[in-house]
Amino acid sequence: MNAQVRPALQSDADAVAVFLNRYMNARIPVERWHKLFHLPWAMPADAPDYGRVAVSRGEVVGFAGRIYSERFIEGRPHLIANLNSWYLRKDHRSGSLGLRLHKEMLDTRGQASFTVLSIARRTYPIYDRWGFGMLDEHRWLWRRSASSMNSVEVLTDRKSIERELDAHQQQMLHDHRQADLWPALIRTDAGDCLAVITAKRKRDHVLFLDVLHLSRPGLFEEHATQIANLLLRDDNSVLAVDSRFLSADPPGGERVPIPVPRRYISDRLSPASLDIMYSEIVLLNHKLS
């Protein structure tokens, strides 16, 4: 069947949300799929669209999204887009329509950096062919330990934390005020580190505290064991950080593989500069693999 591929605009929100709920994941309600088009932060001026939509006979049959944000990294603004929700209806998969959805976004990337944080295993080789690099293939985990050191304080009161942050950090928290995550300010003699965390129960009902952002990764790494002892409730919980933020062998950490490694493409930024904020993970309240 013939289908038209065109930029996804905010006017497509209703039709795409219904399509994704019906065909991609019915466990995510239509109103939550809407968040891909109604962002809780300002759409950057350089962001051209919300991805690509395929339409046949007036009906949405495919979608590939991109969530844009403007981030200040090392004192400079950077345009970043998180690619997400790539799905094509089964009766349209015989040709190259699905590849066109993504290829057109790559052809219009410009100076933006793209991240792919949640990947279907069968599509993984495609990103290699398109020139994507490895964002991360391992994570570091910490559990509660018998350590008695106590040179770290962790603040979790949002208002108290915000008073200690710069304008860009305050804006980041404000932009994610509706998301299911919480900030922690790690205070040490060497300074402070802001961590933004989401808590999800995963395999074997283990509670994962997934770190989505670190303002000073080196400081976090130095005190990770103590931080875990302060944040984790019991022995059935872990503190988890993607390995790109830390050194090759952080003290006390357990290195585990990411089942389907994350990918990225960028002309300006290294993997360590690309966190998990402003993404489908926070908008759709996904569990981080």
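Derivation of every value follows stated rules applied to the coordinates shown; laboratory data play no part. What you see is a predicted model, and the numbers here were worked out from it, not measured in a lab. All Cβ positions, even for glycine, are placed from backbone atoms using ideal geometry, and neighbour counts span all protein chains on display.
Some values worked out for this structure:
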quantity: In the stretch 120-129, the residues that are in contact (Cβ under 8 Å) with a residue 12 or more places away in the chain, over 21 Å from residue 268 (Cβ atoms) and either loosely packed, with under 14 Cβ neighbours inside 10 Å or among the aromatic types (Phe, Trp, Tyr) (or both); calculated: 120, 121, 124
quantity: Subset of the stretch 171-196 (residues that are free of Cβ contacts under 8 Å to residues at least 40 places away in the same chain and surrounded by 20 or more Cβ atoms within 10 Å (Cβ to Cβ)); calculated: 173, 183, 185, 193, 194, 195
quantity: Considering residues of the stretch 246-268 that are within 17 Å of residue 145 (Cβ to Cβ) and of a type in the set (Gly, Ala, Ser) only, the residue surrounded by the most Cβ atoms within 10 Å (Cβ to Cβ); calculated: 253
quantity: Test: residue in the stretch 3-26 that is of a type in the set (D, E, K, R), in a loop (DSSP other than H, G, I, E, B) and surrounded by fewer than 16 Cβ atoms within 10 Å (Cβ to Cβ); calculated: no
quantity: Subset of the stretch 144-168 (residues that are among the basic types (Lys, Arg) and either free of Cβ contacts under 8 Å to residues at least 60 places away in the same chain or assigned to a helix (DSSP H, G or I) (or both)); calculated: 158, 159, 163
quantity: Filter result for the condition that a residue is of a type in the set (A, V, I, L, M), within 20 Å of the chain's Cα centre (by Cα) and farther than 18 Å from residue 12 by Cβ, over 79, 39; calculated: 79
quantity: Boolean, residue 52 is crowded, with 16+ Cβ neighbours inside 10 Å and among the charged types (D, E, K, R); calculated: yes
quantity: Flag for residue 132 being surrounded by 12 or more Cβ atoms within 10 Å (Cβ to Cβ), in contact with a Leu (Cβ under 6 Å, 6 or more places away or on another chain), of a type in the set (Phe, Trp, Tyr) and under 17 Å from residue 274 (Cβ atoms); calculated: no
quantity: Residue 144, sole failed condition from (1) over 30 Å from residue 225 (Cβ atoms); (2) surrounded by fewer than 20 Cβ atoms within 10 Å (Cβ to Cβ); (3) in contact with a Leu (Cβ under 7 Å, 6 or more places away or on another chain); calculated: (1)
quantity: One residue from 141, 101, 173 being within 21 Å of the chain's Cα centre (by Cα) and in a strand (DSSP E or B); calculated: 141
quantity: Residues (buried (at least 22 other Cβ atoms within 10 Å of the Cβ), within 20 Å of residue 71 (Cβ to Cβ) and not acidic (Asp, Glu)) located in the stretch 221-244; calculated: 241
quantity: Unique residue being in contact (Cβ under 8 Å) with a residue 24 or more places away in the chain and within 18 Å of residue 268 (Cβ to Cβ) when the list is 47, 8, 54; calculated: 47
quantity: For residue 91: the one exception among (1) surrounded by fewer than 18 Cβ atoms within 10 Å (Cβ to Cβ); (2) within 30 Å of residue 220 (Cα to Cα); calculated: (2)
